[in-house]
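First comes the structure, then the notes that go with it.
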Amino acid sequence: MKYSVEYLKIVDDILKNDSVKNLRQYKHHYSYTRLEHSLSVSYYSYIICKFLHLDYISVARAGLLHDLFFYDCENKTTRPKNHIKTHPKISLENAKKLFILNDKEQDIILKHMWPVTPKMPKYKESFIVTFVDKYCALKEWSIYCAFKTQLCFLFLVLQYLNFYHLQYL
Ligand SMILES: [Fe+2]
Ligand SMILES: [Fe+2]
């Protein structure tokens with residue numbers, strides 16, 4: 001994806017941070033890294049908020065920090081219990097250790113799993129990030145599922161050809 005110069009300026013200090021760069025090491029929704037996912041959520045939210053004349057700076061920054069946790073969330077045996085509900089709070093605590101966040105940015109990170117977590121977002125920008133996050137998750141999952149489906153299809157074709165071939169031996 002090609003990011004705008006303005007967007008890159010807004011998130012420059014976050015992208016240069018070593019802990020944030022570290023998100024590259026974690027798979028997220030199977031086919032992406034957590035950094036790629038966070039960048040998508042941040043950039044799409046920034047574009048939407050800019051179009052709607054909302055606070056595009058806060059969504060760009062908080063969107064990039066909304067999944068700032070450092071464990072493998074795909075591994076159900078090692079991830080914290082209740083990961084789905086607890087990771088927004090973990091991400092907010094991690095983000096607060098690294099950056100000064102305004103109220104809106106904190107709300108965006110903490111409520112991004114709404115309605116899975118019951119507390120309602122306080123700002124329009126928080127709602128936008130919750131919806132963009134779900135859209136990105138769905139897109140990333142569907143790419144993974146499509147890949148798996150193609151593999152299954154290929155496997156079935158090979159099995160069929162193998163069976164057909166064996167019949168004539
Ligand atoms: Fe999340
Ligand atoms: Fe997310």
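Close amide H pairs (under 5 Å, H built 1.01 Å from N) link residue 28 with 33, 34, residues at least 5 positions away or on another chain. In terms of Cα to Cα distance under 17 Å, which lysines are near enough to residue 111, apart from those fewer than 8 places away along the same chain? Result set, ordered by chain and number: 85, 89, 96, 119, 122, 124, 134. Each of 18, 107 was scored by other Cβ atoms within 10 Å of its Cβ. Arranged with the fewest first, they read 18, 107.
Compared with the dominant principal axis of the Cα atoms in the chain, helix 83-98 is inclined by about 50°. Qualifying trypsin sites (Lys or Arg not before Pro) in the range 96-134, where qualification requires a DSSP coil assignment and no more than 12 other C-beta atoms within 10 Å, comprise 119.
Seen from residue 8, the other residues with C-beta closer than 13 Å to its C-beta sum to a net charge of +1, counting Lys and Arg as +1 and Asp and Glu as -1.
Report, in degrees rounded to the nearest 10, the 0 to 90 angle that the Cα long axis of helix 34-51 makes with the longest principal axis of the chain. Around 60 degrees separate the two axes.
Put in line by how crowded their Cβ is, counting other Cβ atoms within 10 Å and starting with the fewest, 78, 86, 130 read 78, 86, 130.
Here 51, 131, 69 are placed in order of increasing Cβ neighbour count within 10 Å, fewest first, which gives 51, 131, 69.
Taken together, the values in this text are just the output of simple stated rules run on the coordinates, not laboratory data. Values in this document were obtained by computation on a predicted structure and should not be read as measured data. Methodologically, a virtual Cβ is constructed for each residue, glycine included, from the backbone with ideal geometry; neighbour enumeration extends over all protein chains shown.
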